[in-house]
Amino acid sequence: MEKGIVQQFIEWIIHNGGVFVLLIVIFAETGLFLGFFLPGDSLLFAAGLYIEDLARSLFGVHYSVLILMVILASILGNLVGYWFGAKTGDLLFQRKDSLLFKKKHLYKAKDFYEQYGKATIFLAKFLPVIRTFAPIIAGIVKMNRATFLFYNVIGSICWVASMMLGGHFLQSWVQNRFGFSLKDHIEGITIAIILITTLPVIFKIFFGKKKATPVLPPDSE
């Protein structure tokens, strides 16, 4: 069976510093502006399929050590994003309104994080693009640091562990039960993960319910 481009790319990564590429991608996607386009979910799941190979390449450690390293990369990425947001936040609040910038949106974001910040930081880990910008906005609106750190850590643990262990144990179960390897179907799995994680966000953006503008009767003025 001929290997697809995605599978060849992933296997190349694994045999050419795969652990460090994985750490860099997760760090960048969870807190750096330019990391929003990186495929964190599919890469984590694929890493789970090859987790034992990756662990062996890392001085033969147990794969739990690899998972802890990726969790740490996710936590640090969020902290860098928060730090960047906190450093630029004061400048944004002092900036005057312009055609592309409205200060009222900052205050709306601040009110939102005061009410839903905990859930946002946790759930953002499972949503592409949003997980890149959520910690930055949290820093801009000065979300409580201890609260941010707690939900950053919990979210990172749940996201990384579920994706990597899910890939690892699903691979083992499918191999034993049906006699084939998910490694031969990475293209399809990658597309499925991208669709599952991005479609809800796209649907919310384009088809989410918007508040209707009340229409006043002619004689109400």
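From the list Ser42, Ser64, pick out the single residue that is closer than 22 Å to Phe169 by Cα, modelled with pLDDT of 90 or more and either in a loop (DSSP other than H, G, I, E, B) or among the small types (Gly, Ala, Ser) (or both).
The unique qualifying residue is Ser64.
What number of residues in the stretch 22-33 are open to solvent by less than 50 Å² (accessible area, probe 1.4 Å) and part of a helix (DSSP H, G or I)?
So the count comes out to 6.
What number of residues in the stretch 80-126 are more than 14 Å from Asn152 (Cα to Cα), among the charged types (D, E, K, R) and outside any helix (DSSP H, G or I)?
Of the residues in the stretch 80-126, 4 are more than 14 Å from Asn152 (Cα to Cα), among the charged types (D, E, K, R) and outside any helix (DSSP H, G or I).
Does at least one position in the stretch 164-184 carry a residue that is within 17 Å of Asn78 (Cβ to Cβ) and assigned to a helix (DSSP H, G or I)?
No.
Which residue out of Lys211, Lys183, Lys104, Lys204 is of a type outside the set (Ser, Thr, Tyr), at pLDDT below 90 and within 23 Å of Gly48 (Cα to Cα)?
Every option except Lys183 fails the conditions.
Does any residue of the stretch 30-39 turn out to be among the hydrophobic types (A, V, I, L, M, F, W, C), closer than 20 Å to Ile136 by Cβ and at pLDDT 85 or above?
Looking through the stretch 30-39, at least one residue is among the hydrophobic types (A, V, I, L, M, F, W, C), closer than 20 Å to Ile136 by Cβ and at pLDDT 85 or above.
If you scan the stretch 27-54, which residues turn out to be of a type in the set (Val, Ile, Thr) and in contact with a Leu (Cβ under 7 Å, 6 or more places away or on another chain)?
Ile51
Are there any pairs, at least 6 apart or on different chains, whose C-beta atoms fall under 8 Å, with the first in the stretch 124-136 and open to solvent by less than 10 Å² (accessible area, probe 1.4 Å) and the second in a helix (DSSP H, G or I) and among the hydroxyl-bearing types (Ser, Thr, Tyr), and if so, which?
Lys125/Ser74; Lys125/Ser156; Ala134/Thr120; Pro135/Tyr82; Ile136/Tyr82
Of all residues being open to solvent by 60 Å² or more (accessible area, probe 1.4 Å) and of a type outside the set (A, V, I, L, M) in the stretch 34-69, which is nearest to Gly17 (Cα to Cα)? Just the residue, please.
Of everything passing the filter in the stretch 34-69, Ser57 is nearest to Gly17 (Cα to Cα).
Please find, among Gly89, Gly81, the residue that is in contact with a helix residue (DSSP H, G or I) (Cβ under 8 Å, 6 or more places away or on another chain) and at pLDDT 90 or above.
After applying the criteria, what remains is Gly81.
Select, from Val70, Val141, the only residue that is within 30 Å of Ser181 (Cβ to Cβ) and at pLDDT 85 or above.
Going through Val70, Val141 in turn, just one is within 30 Å of Ser181 (Cβ to Cβ) and at pLDDT 85 or above: Val70.
The values are calculated or read from the model by the stated rules, or taken from the named source; none is laboratory data. Just so you know, these numbers come straight off a predicted model, no measurement behind them. With ideal geometry, Cβ positions are generated from the backbone for all residues, glycine too; neighbour counts draw on all protein chains shown. Heavy atoms of the whole protein, side chains included, go into the accessibility calculation; ligands, DNA and RNA do not. Shrake-Rupley method; radii C 1.70, N 1.55, O 1.52, S 1.80 Å.
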